[in-house]
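What follows is a short report on a single structure.
The values are calculated or read from the model by the stated rules, or taken from the named source; none is laboratory data. What you see is a predicted model, and the numbers here were worked out from it, not measured in a lab. Note that we place each Cβ from the backbone using ideal geometry, even for glycine, and neighbour counts take in every protein chain shown. Just the protein is used for accessible areas: all its heavy atoms, side chains included, with ligands, DNA and RNA removed. Shrake-Rupley method; radii C 1.70, N 1.55, O 1.52, S 1.80 Å.
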Amino acid sequence: MSFQKLDELGHRLEALEHAIAILGADEATHMAVGGGEKRAEALASLAGLYHRQATAPEIADWIAAAESEALNDDQAAALREFKRQHTNLTCLPADFVERQTAARLRCEQLWRDLRAKNDWAGFLPALEGVVALVREEAAMRAEALGLQTYDALMEQYDPGNRAAEIAPVFAKLKAFLKDFVPEALAVQEERLAKRPLKALSGSYAVEKQRELGLAMMAAVGFDLTHGSLSVSHHPFCGGVPSDVRITTRYRTGEFLSALMGVLHESGHALYEQNLPKEWSHWPLGKARGMAVHESQSLFVEKQVGRNPAFWRWALPVVERHLGEAWTLDDMLPHVHHVERGLIRVDADEVTYPLHVILRFELEQDIVAGRLEAADIPEAWDAGMRAYLGLSTIDNPADGPMQDVHWPGGAFGYFPSYTLGAMMAAQQWAALVKDHPAADADLAAGDLTAINGWRREKIWSQGSRWSTPELIERATGEKLEAGHFIRHLKQRYGRS
């Protein structure tokens, strides 16, 4: 039976994925500095082995034959995802992938050096090379998938998402935010004038912060028998569903940034830990995509972790671990701080979407050939001035050189971040409709019903549905900006 051959292939690929993921997580957390060269060789060999097995010529025949076999619903859905994965893996010639990989690596290495020097001119030739290859990739993928070029790139990160459907949703959000950012800042100023900010700084031993993080992870539903918490330069969630590795970084002078990092990564981890185990060796059993994944991490960080109800429960837990008592009025101004800034990764939930929408607009123009790499700084500056009232014209390091995505050739990725935030707000609204006691549950530190809803609607579905279908089925409506807008108004506007 041909489907049986695909099933066996899935087990082999899962084993390789497991080894690659654990070696990668270990490299970022525990590997000795001198181990880098051999680790890179091992990972490259495993990646090559994975690619050869996943793109073997006979797989296309197995897929074609399996389409005429009697399959149950799960197997039919699995076959569809095997086919989608195979098409995406095989539509680029091997020599092109090698050229593109070399160009991306070279550009990333240059970027690390030249961003620190604010040297756009030195960086530009390498970026131009990456952009040329991205346009080539987009054309080949578009032909293989029957999609528009930019949609073919987005399909790699969020299956089913289309620019024509996202653009009007982003346009509505952008129009709202351009007026709302000044309002949120004014509200914040008025509140601080009445009650000055109380510092949360002190001296907090890393081990005590780690124990606090573990307590919060357990509270939100993280299974510590199938995962762990470590330290890395940048917080991430890696590993595999049966052994999820999450990390954060600590500052002994303040605890909130590490704690928010833990909550965010725990959201990613909950998704991985609760994927359908019986499908784990099929593409069907994987998380649906970057936007859905981001919606799960932002749900825990924003809808839960920045919710006043959550802090009613969390403040005594923080006091128990760190030995200091804060009130809700002390904590919320820090948790809900809003500030215009140049850097996307430092942005709050009010201003962050404007950073993403700018990149989404520029990316489409770059991929379509309407904007050349040399003209990006000017276009970027115009967007930042229009959206956030800030200029980057003589500061490319904090403008178009700030992210690793473009040097690494990852075009079509950026929309996932804000789509994730919108999906998280829409999921919370649907959840509260089904379970009105959600805030009361949070105040009691009980996420049983909240996680039960998410398990049923999102986690247990794996990759059965496209991104837009999954959200519509989970929430009862297509993705729209209204829920996120209402969430921001309620939390940051004039109440």
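Which condition number in (1) under 28 Å from Ile357 (Cβ atoms); (2) in a helix (DSSP H, G or I); (3) not hydrophobic (A, V, I, L, M, F, W, C) is the one that Lys208 fails?
(1)
Name the residue, out of Ala56, Ala25, Ala70, that is in a helix (DSSP H, G or I) and assigned by TED's automatic domain parsing to the domain that holds Thr90.
On the way: Ala56 fails: in a helix (DSSP H, G or I); Ala70 fails: in a helix (DSSP H, G or I).
Answer to the selection: Ala25.
Can you name the residue in region 466-495 that is among the acidic types (Asp, Glu) and not in a helix (DSSP H, G or I) and, of all such residues, is farthest from Glu155 (Cα to Cα)? First the steps, then the outcome.
Step one: of region 466-495, the residues among the acidic types (Asp, Glu) are 469, 472, 477, 480.
Next, from what is left, pick out any that are not in a helix (DSSP H, G or I): 477, 480.
Numbers: Glu477: 21, Glu480: 20 Å.
For region 466-495, the residue satisfying everything is Glu477.
Of the residues that sit in region 27-52 and are over 17 Å from Glu98 (Cα atoms) and touching a residue at least 12 places away in the same chain (Cβ under 8 Å), which one is most open to solvent (accessible area, probe 1.4 Å)? Before you say what the answer is, go through the steps one by one.
Quick first cut of region 27-52, residues over 17 Å from Glu98 (Cα atoms) only: 27-39, 42.
Filter again for touching a residue at least 12 places away in the same chain (Cβ under 8 Å), leaving 27-30, 39, 42.
Numbers: Glu27: 79, Ala28: 47, Thr29: 39, His30: 125, Arg39: 43, Ala42: 40 Å².
Here the residue is His30.
How many residues are without any contact (Cβ under 8 Å) to a residue 24 or more places away in the chain and either touching a Pro at 6+ places or on another chain (Cβ under 9 Å) or more than 28 Å from Ala215 (Cβ to Cβ) (or both) if we restrict to region 411-433? Explain how you work it out, then say what you get.
Step one: of region 411-433, the residues without any contact (Cβ under 8 Å) to a residue 24 or more places away in the chain are 431-433.
Okay, now just the ones that are also either touching a Pro at 6+ places or on another chain (Cβ under 9 Å) or more than 28 Å from Ala215 (Cβ to Cβ) (or both), so 433.
Residues flagged as without any contact (Cβ under 8 Å) to a residue 24 or more places away in the chain and either touching a Pro at 6+ places or on another chain (Cβ under 9 Å) or more than 28 Å from Ala215 (Cβ to Cβ) (or both) within region 411-433 amount to 1.
Test Ala449 against the stated conditions and say whether it is assigned by TED's automatic domain parsing to the domain that holds Gln273, free of Cβ contacts under 8 Å to residues at least 60 places away in the same chain, of a type in the set (A, V, I, L, M) and surrounded by 21 or more Cβ atoms within 10 Å (Cβ to Cβ). Walk me through it before giving the result.
On the way: assigned by TED's automatic domain parsing to the domain that holds Gln273: yes; free of Cβ contacts under 8 Å to residues at least 60 places away in the same chain: yes; of a type in the set (A, V, I, L, M): yes; surrounded by 21 or more Cβ atoms within 10 Å (Cβ to Cβ): no.
Considered against the rule, which asks whether it is assigned by TED's automatic domain parsing to the domain that holds Gln273, free of Cβ contacts under 8 Å to residues at least 60 places away in the same chain, of a type in the set (A, V, I, L, M) and surrounded by 21 or more Cβ atoms within 10 Å (Cβ to Cβ), Ala449 comes out as no.
Among Ala291, Ala287, Ala347, which is open to solvent by less than 10 Å² (accessible area, probe 1.4 Å) and not aromatic (Phe, Trp, Tyr)? So that I can check it myself, show each step before the final result.
Working: Ala287 fails: open to solvent by less than 10 Å² (accessible area, probe 1.4 Å); Ala347 fails: open to solvent by less than 10 Å² (accessible area, probe 1.4 Å).
Matching residue, one of Ala291, Ala287, Ala347: Ala291.
Residues checked against (1) open to solvent by 60 Å² or more (accessible area, probe 1.4 Å); (2) at pLDDT below 95; (3) on the phi < 0 side of the Ramachandran plot:
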{"position": "Val169", "(1), (2), (3)": "no, no, yes"}
{"position": "Lys174", "(1), (2), (3)": "no, no, yes"}
{"position": "Glu207", "(1), (2), (3)": "yes, no, yes"}
{"position": "Leu212", "(1), (2), (3)": "no, no, yes"}
{"position": "Ala218", "(1), (2), (3)": "no, no, yes"}
{"position": "Gly221", "(1), (2), (3)": "no, no, no"}
{"position": "Ser228", "(1), (2), (3)": "no, no, yes"}
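Listed here are the residues, each with its yes/no results for (1) open to solvent by 50 Å² or more (accessible area, probe 1.4 Å); (2) part of a loop (DSSP other than H, G, I, E, B).
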| position | (1), (2) |
| --- | --- |
| Gln364 | no, no |
| Gly445 | no, yes |
| Glu456 | yes, no |
| Ser460 | no, no |
| Arg464 | no, yes |
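Taking the condition surrounded by 14 or more Cβ atoms within 10 Å (Cβ to Cβ), aromatic (Phe, Trp, Tyr) and at pLDDT below 95, does Phe236 pass? Steps first, answer last, please.
Values: surrounded by 14 or more Cβ atoms within 10 Å (Cβ to Cβ): yes; aromatic (Phe, Trp, Tyr): yes; at pLDDT below 95: yes.
So Phe236 passes the test.
Considering only residues that are surrounded by fewer than 17 Cβ atoms within 10 Å (Cβ to Cβ) and of a type in the set (S, T, N, Q), look in region 60-87 and name the one that is nearest to Gln156 (Cα to Cα).
Among residues in region 60-87 that are surrounded by fewer than 17 Cβ atoms within 10 Å (Cβ to Cβ) and of a type in the set (S, T, N, Q), the one nearest to Gln156 (Cα to Cα) is Thr87.
So Pro316 passes all but one of these: (1) out of contact with any Lys or Arg (no Cβ under 8 Å at 6 or more places or on another chain); (2) surrounded by 16 or more Cβ atoms within 10 Å (Cβ to Cβ). Which condition number does it fail?
Evaluating Pro316 over (1) out of contact with any Lys or Arg (no Cβ under 8 Å at 6 or more places or on another chain); (2) surrounded by 16 or more Cβ atoms within 10 Å (Cβ to Cβ) leaves (2) as the failure.
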